[in-house]
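The values are calculated or read from the model by the stated rules, or taken from the named source; none is laboratory data. Not measured: the values here are computed from a predicted model. Here the Cβ is made from the backbone with ideal geometry for all residues, glycine too, and neighbour counts use every protein chain on show. For the accessible areas, the whole protein counts, side chains as well, though only heavy atoms, and no ligand, DNA or RNA atoms are used. Shrake-Rupley method; radii C 1.70, N 1.55, O 1.52, S 1.80 Å.
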Amino acid sequence: MTTTPLWSSILSAIPYKLVSGFLILNICICIAIAISRRKKPSETIGISSSPVKEKVERKLGGRHPFLSCFILSLWMHVNPRRSHVEWIPSDFKRPTASPYPDWNTMGLRRMKWDEWIELDNKYLQYHADKARRIEERGEKCCRTAPEAMDGAIELLEELCEYLPERYPTMFKKTPTGIRNTVTSETFNITQRPLPEDPMATAARLVQDDLALMIERPDGEYYLLAGAILLAGFWRLRDKFGMRLSEIHISGDVPQYREKLERGMMSLFRRLKPEEPVVRNNYFIQVDDCVAWSYSLGSEDSPSPSFNSAEKNKAIEHHFFRSERQSLRRLPRSGAVVFTIRTYFEPVMGISQEPHVPGRLASGIRSWGDDVSRYKGRDRFQEVLLEYLDRKHAEQVADGLDVEGNERKYPF
């Protein structure tokens with residue numbers, strides 16, 4: 001009995017002209033791959049690290065290199081813009097975190113693996129606020145869809161590994177989970193069913209808000225799990241189940257469609273477990289509540305808005321709010337996890353630091369009309385800018401070296 005070779009079976013099912021064309025393309029790709037392999041790993045991009053290539057190489061190994069290249073070139077031709085590809089669990093393991101010398105300090109902003117989760121001297125305040133809101137608001141703030149449950153449990157497990165490594169004076173690993181030595185809480189993450197939503201348990205451990213984006217077969221990422229307890233301006237119940245683009249568009253994020261949407265989708269699709277990213281933003285808030293900015297109106301109102309805030313309140317009511325958002329892909333489930341760490345300080349406090357008043361005033365004045373509307377500048381600009389200009393002038397009069405300062409605000 002004669003066995004038909006694998007490559008003959010495939011080629012016999014494809015029209016001759018198509019085969020010829022793709023063989024030529026195949027040769028070009030193989031030459032390009034051979035040249036690219038002479039470069040440093042960081043210089044090679046594209047399908048060389050894609051899940052599709054890994055699947056092909058696993059099936060064919062090194063036995064049919066030209067067939068492997070041919071199949072990849074065919075796939076790239078019929079899928080010029082990547083649609084859904086089932087996530088293949090990665091063997092990546094997060095590097096062990098270095099012990100932090102003292103958890104009771106302000107965290108650093110530069111992203112490293114050691115700084116995935118940042119704790120500071122407001123931990124107990126944040127912890128109490130989050131615990132209260134979990135009890136009072138329930139699924140309005142913490143929720144996990146069934147299809148995101150694996151990702152939520154993986155995130156909880158990651159935190160139970162990371163926190164005792166990074167903050168050993170505060171967290172201790174136990175046979176069934178983790179113990180918080182500061183709050184005297186112990187969490188069992190091995191029992192099934194879990195005592196509560198894994199996103200809620202994860203939220204009790206850290207100061208960050210947490211969100212999971214899950215890729216569905218249509219290739220889009222959806223918000224399907226979250227513990228959004230200290231967001232200030234937005235509500236999980238409004239965004240839950242939305243596509244990534246819909247979340248930003250419904251929130252009127254400036255220039256999202258024009259400049260950000262395509263890049264954001266590309267970032268999500270290419271994000272690897274070993275390559276986390278981080279970004280920062282900042283707002284001015286005219287009340288002192290971290291969890292929900294009550295100057296926008298009731299948290300349960302149909303449409304809270306900056307327009308509801310009282311205009312030009314005294315400077316004592318102005319607070320600087322900054323979010324440090326880390327973004328990483330979990331290796332087992334493939335879920336993309338956001339950590340949203342909020343820093344909240346009175347403007348009068350941060351303005352005591354050299355250069356801050358001048359940089360902050362410059363940053364606010366640089367906002368375009370769309371960003372100004374999005375951040376509610378008309379509610380606070382007169383009082384705030386007058387104060388910042390005065391504090392900057394005082395610092396200059398005291399000898400502040402403006403010319404020698406090259407850092408741009410706020411980071």
How many of the residues making up the range 305-341 are open to solvent by 10 Å² or more (accessible area, probe 1.4 Å), part of a loop (DSSP other than H, G, I, E, B) and of a type in the set (A, V, I, L, M)? 1
From the list PRO273, PRO302, exactly one residue is surrounded by 14 or more Cβ atoms within 10 Å (Cβ to Cβ), on the phi < 0 side of the Ramachandran plot, part of a loop (DSSP other than H, G, I, E, B) and modelled with pLDDT under 95. Which is it? PRO273
In the range 215-261, residue most open to solvent (accessible area, probe 1.4 Å) [restricted to those that are among the hydroxyl-bearing types (Ser, Thr, Tyr) and in a helix (DSSP H, G or I)]: SER250
Close pairs from the range 387-403: first modelled with pLDDT of 95 or more, partner hydroxyl-bearing (Ser, Thr, Tyr), Cβ under 6 Å, at least 6 apart: LYS391/SER351
Restrict the check to the range 282-293 and report whether at least one residue is open to solvent by 50 Å² or more (accessible area, probe 1.4 Å) and either touching a Leu at 6+ places or on another chain (Cβ under 7 Å) or closer than 19 Å to ASP370 by Cα (or both). no
Considering LEU194, LEU156, which residue is farther than 19 Å from TRP116 by Cβ and within 26 Å of the chain's Cα centre (by Cα)? LEU194
Give the residues of the range 187-214 that are among the β-branched types (Val, Ile, Thr) and assigned to a loop (DSSP other than H, G, I, E, B), sorted by residue number. ILE189, THR190, VAL206
Give me a count of the residues in the range 374-389 that are aromatic (Phe, Trp, Tyr) and open to solvent by less than 10 Å² (accessible area, probe 1.4 Å). 1
Has the range 131-147 got at least one residue that is part of a loop (DSSP other than H, G, I, E, B), on the phi < 0 side of the Ramachandran plot, crowded, with 21+ Cβ neighbours inside 10 Å and modelled with pLDDT of 95 or more? yes
Given the conditions (1) touching a His at 6+ places or on another chain (Cβ under 7 Å); (2) part of a strand (DSSP E or B); (3) of a type in the set (S, T, N, Q), report the number of the one that THR183 does not fulfil. (2)
Scanning the range 345-361 for residues that are exposed (fewer than 14 other Cβ atoms within 10 Å of the Cβ) and among the small types (Gly, Ala, Ser) gives GLY349
